[in-house]
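Visitor: Handing you a structure now.
Where a number appears in this text, it was derived from the coordinates with a stated rule and is not lab data. Predicted, not measured: the structure shown is a model, and the values here were computed from it. Cβ: placed from backbone, ideal geometry, glycine included. Neighbour counts: every protein chain shown.
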Ligand code: OAD
């Protein structure tokens, strides 16, 4: 492509910085994917090795995407709820890239943000609700997949905390409930369809942190007019960006990319200040982390107790058998066969029914900070 990947310039040396500075970009459309949240600690989907789809083996899925497939969910909703427990919003701090989008909005330049992400970090960074189109839905609402009745948020939170599958409260329905995340095989939100026409009215398009591999989202950049500059800030090439004369490639980490762009525009100080302003929330995050580790400690204690209880039960059953056989010998009374067999069976039953320590280790290898 013959472009310098470290400067915000297009193949024909199109100067996007000048374009924005001269006020020619007043209706900026931003298109985002999981790559803008990886520095917050949320893995993306398809990066080899670190992506979510490469790390779902423990959920025993027939194929990785099944965790977000509606037909599979109907048969087996538990893998999704196991994952939802890890991904549920509230645990992560928005990245400087999220704050860059907020800055565009504060400056009155953000026309619309179309995001594929379900982590709600754009909202948390203060991008106004009416500027966001959550193309693949989000955890913000939940409903029954059959009768579509809304499900109470507090009950959903509890279910996700406990990794339990919630069911519809409507009498005679009892359908499965799920957050309104769009699964493979489901319709995209009406909001998405309603706002598609905005792409043609945009005067600048910024694509960040997405492989552009899931349609119809992947085709959004092509809905911009041919002359409209499109900037890609991503670790790798995505879609057809780079094929038009005014396309600009910033093949870099998103946070580094937005800092470069902000520097070129003279906005860096403002951006860093905005980013810093989110720090009070870090205290809350630390508190949450602390609560998480207290939960983990409690979990570990329960595991220890369970193991001790198992061991005690085993010892006491062995002890009982030994005393019984000693008594039998001592009293020289022949033991009825059924009692002997029964005692062994009973001992096995107690061990089998005793709580087993959880063998699966969570997604700690994917979310090392959890
Ligand atoms: P992908 O995992 O497909 O793509 C993420 C892109 O971001 C890749 O091109 C990475 O190279 C890039 N990337 C990762 N970290 C980055 C960083 N720090 N800086 C810059 N680039 C980075 O994720 P999406 O494109 O969002 O759908 O995936 C689209 C949809 O596929 C998701 O919404 C999800 C999934 O199946 C549903 O859940 C319905």
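Visitor: For the ranges 260-268, 93-101, 190-198, what's the packing order if you count other beta-carbon atoms within 10 Å of each residue, average per peptide, and put the highest first? Don't skip to the answer; put the middle values down first.
Guide: Values: 260-268: 17.1, 93-101: 26.1, 190-198: 13.3.
Most protected by this proxy first, the peptides run 93-101, 260-268, 190-198.
Visitor: Let me ask something additional. In percent, how large is the relative contact order of the stretch 64-147, given Cα pairs closer than 8 Å and 6 or more residues apart? Could the numbers behind the result be given before it?
Guide: Details: 74 pairs, mean separation 20.9, N = 84.
Value for the stretch 64-147: 25 percent.
Visitor: Work out, step by step, the length gained on full extension between residue 191 and residue 78: first 0.36 nm times the residue separation, then minus their alpha carbon distance; give nm to one decimal. Mind showing how you got there, number by number?
Guide: On the way: separation 113, 0.36 × 113 = 40.68 nm, distance 2.87 nm.
That pair, residue 191 and residue 78, stretches by 37.8 nm at full extension.
Visitor: Using alpha carbons only, how many angstrom separate the centre of the stretch 205-228 from the centre of the stretch 17-72?
Guide: Cα centroid to Cα centroid, the span is 14 Å.
Visitor: Just want the ordering: 255, 15, 129, 146, from fewest to most Cβ atoms lying within 10 Å of their own Cβ.
Guide: On the way: 255 21, 15 18, 129 9, 146 14.
If I rank by nearby Cβ atoms, fewest first, I get 129, 146, 15, 255.
Visitor: Then there is this: Please work out the FRET efficiency for the pair residue 268 and residue 172, using the Cβ-Cβ distance as r and a Förster radius of 51 Å; give the result to the nearest 0.05.
Guide: Working: r = 59 Å, r/R0 = 1.15.
Efficiency at R0 = 51 Å is approximately 0.30.
Visitor: Let me ask something else. What's the exposure ranking of 167, 92, going from fewest to most Cβ atoms within 10 Å? Write out the running numbers ahead of the final one.
Guide: Numbers: 167 15, 92 21.
The most exposed by this proxy come first: 167, 92.
Visitor: Taking R0 as 45 Å, what FRET efficiency do you get between residue 276 and residue 54 from their Cβ-Cβ distance, rounded to the nearest 0.05?
Guide: 0.85
Visitor: By count of other Cβ within 10 Å, fewest leading, how are 244, 58, 230 ordered?
Guide: Values: 244 21, 58 14, 230 26.
In increasing order of surrounding Cβ atoms, one gets 58, 244, 230.
Visitor: I need the calculated FRET efficiency for the pair residue 24 and residue 252, taking r as the beta carbon distance and R₀ as 25 Å, to the nearest 0.05. Can you show the working numbers first?
Guide: Numbers: r = 24 Å, r/R0 = 0.95.
For R0 = 25 Å, the calculated efficiency reads 0.60.
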